[in-house]
Every structure is written in structure tokens, then in C-alpha cells.
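The values are calculated or read from the model by the stated rules, or taken from the named source; none is laboratory data. Note that the structure is predicted; figures quoted are calculated from it, not measured. Glycine gets a Cβ as well: all are built from the backbone with ideal geometry, and neighbour counts include every protein chain shown. Quick note on the areas: whole protein, heavy atoms, side chains included, nothing else; ligands and nucleic acids left out. Shrake-Rupley method; radii C 1.70, N 1.55, O 1.52, S 1.80 Å.
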Amino acid sequence: MERRRGDVVVGEEVERDPWARFGWLLGAVWLVFIVFPVVSIVQDDAPWPWRALGILVVLAFSVVYLHAMRAEDRPEGTSWSVWTYLAVLVALTLATIPTAGIASLGLVPFVLALAGIALRPWQALVALGLALGIASVVVSQVGIEQLAFVYLVYPMVTLTLILVGGLDRSSSRRRASEQRLSISQERERVARDVHDVLGHSLTVVTVKAELAERLVDVDPERAKAELAELRSIARQSLAEIRATVAGLRVARLADEIDSARGAMADAGIALVVDGDPAEVDPRHRITLAWALRELATNVVRHSGATGCVVTLGEDRLVVVDDGRGPRSGREGNGLRGLRERVEPSGGSVVVEAAEPGTRVEVTL
């Protein structure tokens, strides 16, 4: 789908901003004032065919004006530039003079409105100055009473539309900035999810491969079973990566407990789970499942532990191992990614030394 100014990205779909889609209708409302040139043409003494032609010119002016205002909301939707629209509108305004006379000045505010919303402010002000100058000369030759209309309406229309155009451009820049931020956050989320999935899966694969290597001479049948399970894990991990990149994967707490128990058993770590996943607040289960996956991977990969205790609460997860203790220095990508998941929603991740080992508490 082609994206244009005013588009807002939601998920994988593009929603058009209602103001960007229908804001041009506000310009259509003011076309009611076209009635004054039309009335002047109808009341003119010229032959009816000539007056009919004048009315058609005014209608053509209205159509071009509406098309220009709508195209300004969809700049990629037309090959005409704003200068082309302005030139056509000026030409049509001049074409109404023979039948509408001084009433043709009533079309000029529409030209100034387009200039105010589509051009740079200084360009719109130059257009206003030219319009005031030309209209002053015309009015001075025909009827000085029209000067009040010229000097009141022309600046008011131009300055108002300059303001509206500025607000619209500012809103467009804000939407574009929000879209870039949304894309950046989505990339970070996918990168974080891929890291979590790969980190856990590759750790399990490594442990399984080392176990099979030790068993290949001692217990070939057991080694074959481990290799078969390794192949199954690799296929499952590939499916998880594909689902994660597609944004479809949802971690389940019970599944992560089973996965952690299997990975730790293969690494020679005794896992004890205190608490029932069903007792965890459903709002927090997905986040705590991701936390358990990352923390279990860290225990298997880095701790050198022989035992690990996982405690589940309504809104928290505590993982304690009896290994080497927390590493000093900068945190790894896993813990940093875990903090990025938890802290924006008001939660916390606390890593501290245990006696012995490491204690990590995730609270939501």
C-alpha cells in the first residue's frame, strides 16, 4: 500500500488520519460565497450564452479549487504542482471579469487560501501583497466602497490559512516522527525476541551436543536419543525464530518451566519450582515467561550451578542459583533486554549476590 502524508502505522496496517483525508472539505464549505459572482453574472446585461459561459467558468473555478485543496492533502495523488493550480485559478478568475465585473474579486480569497496553506509563509504573503495591490487599483477605478472587503477579507483568509498550513505541516512531522519511533521500537522488540529465542535454544543445543559426545562411546543408544532430541529442538527453534520474526510468538509460562527443567537437567542442574503458574496474574504471565526463559538460559550458560530454585508469585519471579555469583561489569544483552521489557511498565529487575550464587527478582 502506498503511504502518503497523514498516514499512521498501526500494527502492519496503515490508517489514514481523518483530518488528512477529509480536511479539504472545510475548504468546500466556503464555496458558498461563490454565489455572489454567480449572481452578478446572472444580473449582467450580456447575452445569455455569454452569461452561461461565465457561470461555467465559475463552476470550473470551484472544481479546480476543490481538487487543489484535496491534492494538498494527498500530494502524491496528482501530477499538478501547486503553482499550476494557482495559475489555473488566476486565469479562471480573470476570465470571469467580462461578465461578473467587480464581483470577480470575490474569487481572489480562494486563490489566497490555497496559497496560504500550500506555499511557504513568505510566498503566501507576497501573493497577498500582489492581490491587495491589484485589487486596490481595480476598486479605485470602479467603486471605492469595495476597499473594506479587500483589506479585511484578503489578509484574514491568507493569515488564517498560513496558520492552518503551518499546523498541518507540524502535525505531519509529528506523525512521521511517531512512525519512525514505532518502527524503531518494533525492530528492537524483534531483535530482543530473536536474542531470547536463539540464546535459549542454542544453549540447550550445546548442552545436548556435549552430553551426546560424552555418551557416544559409553552408551550409544542414549547418545542417539540425545541427538534425535537435539534435532527436534533445532527444528522447533527454527519454527520459533520464524514465528518471532513474524511477530506471532507468545511465550507461555508453563511451557517455559518445562523447557527450563529439561535444559537444566541436561546441564546437571537440579531445578526446584516453588509456586504454580496458574497462580500468576494472567496479565503478567507472558512477561514472566520471557523472564524465566532468559534467566534459565543464564543459569545454564554462565552460573556453573548445581541447583536452582524458581519461585513464582502473583506478580513476581525469583530465580536463585548456587553458582559462581553475579558477574561484575556491564550486563549482557539478555538482562538488558529483560529490563527493557519490564521497567517501562513500572516493574523492576534486581540482581544480587546470594550465599552462594546469584538471586534475580523480577517484579511487575
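A few points about this structure:
- Checking 343, 361, 352 one by one, the residue that is over 26 Å from residue 226 (Cβ atoms) and in a helix (DSSP H, G or I) is 343 and no other.
For every residue, the table says whether it meets (1) modelled with pLDDT of 80 or more; (2) open to solvent by 60 Å² or more (accessible area, probe 1.4 Å); (3) not polar (S, T, N, Q).
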{"residue": "157", "(1), (2), (3)": "yes, no, yes"}
{"residue": "162", "(1), (2), (3)": "yes, no, yes"}
{"residue": "175", "(1), (2), (3)": "no, no, yes"}
{"residue": "197", "(1), (2), (3)": "no, no, yes"}
{"residue": "218", "(1), (2), (3)": "yes, yes, yes"}
{"residue": "233", "(1), (2), (3)": "no, no, yes"}
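- Flag for residue 130 being exposed (fewer than 15 other Cβ atoms within 10 Å of the Cβ) and either closer than 29 Å to residue 336 by Cβ or at pLDDT 80 or above (or both): yes
- Only a single criterion out of (1) modelled with pLDDT of 85 or more; (2) open to solvent by 30 Å² or more (accessible area, probe 1.4 Å); (3) over 17 Å from residue 62 (Cβ atoms) is not satisfied by residue 141, namely (1).
- Summed over the range 314-325, the residues that are surrounded by fewer than 19 Cβ atoms within 10 Å (Cβ to Cβ) and at pLDDT below 90 give a count of 4.
- Test: residue 347 is surrounded by 13 or more Cβ atoms within 10 Å (Cβ to Cβ) and either without any contact (Cβ under 8 Å) to a residue 40 or more places away in the chain or more than 32 Å from the chain's Cα centre (by Cα) (or both): no
- Candidates are the residues of the range 271-295 that are under 15 Å from residue 259 (Cα atoms) and over 34 Å from the mean Cα position of the chain (by Cα); the one that is modelled with the lowest pLDDT is 277.
- Qualifying positions in the range 320-334 - more than 27 Å from the chain's Cα centre (by Cα) and either of a type in the set (Ser, Thr, Tyr) or part of a helix (DSSP H, G or I) (or both): 328
- Failed item in (1) open to solvent by 50 Å² or more (accessible area, probe 1.4 Å); (2) more than 26 Å from residue 234 (Cβ to Cβ), with residue 288 passing the rest: (1)
- Taking the conditions (1) of a type outside the set (Asp, Glu); (2) surrounded by fewer than 16 Cβ atoms within 10 Å (Cβ to Cβ); (3) free of Cβ contacts under 8 Å to residues at least 60 places away in the same chain in turn, residue 333 satisfies each one other than (3).
- First in the range 91-102 and surrounded by 18 or more Cβ atoms within 10 Å (Cβ to Cβ), second anywhere and part of a helix (DSSP H, G or I) and charged (D, E, K, R), Cβ under 8 Å, 6 or more apart: 99/51
- Number of the condition not met by residue 317 [criteria: (1) within 11 Å of residue 298 (Cβ to Cβ); (2) not in a helix (DSSP H, G or I)]: (1)
- Test for residue 297: is it among the polar types (S, T, N, Q) and either open to solvent by less than 30 Å² (accessible area, probe 1.4 Å) or not in a strand (DSSP E or B) (or both): yes
- Checked against (1) modelled with pLDDT of 75 or more; (2) among the aliphatic types (A, V, I, L, M); (3) closer than 30 Å to residue 262 by Cα; (4) open to solvent by 40 Å² or more (accessible area, probe 1.4 Å), residue 212 passes all but a single condition, namely (4).
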